[in-house]
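K.L.:
First the structure, then my questions, so here it is.
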Amino acid sequence: MGATFRDRLGSLIMLAFIVVLWVQRDYTTPFGGIFPDRIMIIMAAFIVMTLILSFTPYRVMKEGDEKQEPETEGKRWLEMTVVIAIMLLWVLLLRYAGFALTGVVGFGSIAWYISGERKNWRMIVKAVALGLVITYLIVFIFGYLLQVPLPQGEIFD
């Protein structure tokens, strides 16, 4: 799989995630959506730029920029598919389970999976701790400092 193909595939997948998030947005206050909407628009603009650049000589990654690893092509596809599946479940369950729960599970699952040490119990503990810390920081910054309401989850209402 070449760098150009990865750029294009990654751009299309990220655009799909932004579309899913955009469709699911439901703000509780009139101004609660200003910041998230702007972030999604900015992300979409950068992703579209990356996609357009992948068709020009000025693409983000050039062929040969990536390190040659002895991994098989099938293993890379499997790992990418698993991470995409985790992210898709995360986005789909966000409204129902809330940001706090899906954030910890999502960040923790991806950290655990990409670590390569899937059978090591210490890595599982580190991944869960990382998920807790990242989720707490996001909730603190957006929920408390910026006063942007994050989805609490319909199962907790």
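Read-outs throughout are calculated quantities, based only on the coordinates presented, and are distinct from any laboratory measurement. Everything numeric in this text was worked out from a predicted model, so none of it was measured. FYI the Cβ positions are ideal-geometry reconstructions off the backbone, even for glycines, and counts take in every protein chain you see.
K.L.:
In a shell of Cβ-Cβ distance under 14 Å around Leu94, excluding Leu94 itself, what net charge do Lys and Arg (+1) and Asp and Glu (-1) give?
P.N.:
0
K.L.:
Could you state the angle between the C-alpha long axis of helix 99-115 and the longest principal axis of the C-alpha atoms of the chain, as a value from 0 to 90 degrees rounded to the nearest 10?
P.N.:
Long axis of 99-115 versus the principal axis of the chain: about 20 degrees.
K.L.:
If you line up the long axis of helix 34-53 against the longest principal axis of the chain, both from Cα atoms, how many degrees apart are they, to the nearest 10?
P.N.:
10
K.L.:
Dipole size in debye (nearest 20) for the chain around its Cα centre, Lys and Arg Cβ +1, Asp and Glu Cβ -1?
P.N.:
Here the size comes out at about 180 debye.
K.L.:
Right, another one. To one decimal place, what orientation-averaged projected area in nm² is obtained for the convex hull of the Cα set of the range 74-141?
P.N.:
4.7
K.L.:
Another question, if that's okay. Sum up the charges of everything whose Cβ sits under 12 Å from the Cβ of Ser115, counting Lys and Arg as +1 and Asp and Glu as -1, but leave Ser115 out.
P.N.:
+2
K.L.:
Same structure, new question: Given the chain, report the % of alpha carbon pairs whose separation exceeds 29 Å.
P.N.:
For the chain, the fraction of Cα-Cα distances above 29 Å is 29 percent.
K.L.:
Sorting check: for 35-44, 95-104, which peptide has the highest mean count of neighbouring beta carbons within 10 Å, and how do the rest follow?
P.N.:
Highest-to-lowest ranking by the protection proxy: 95-104, 35-44.
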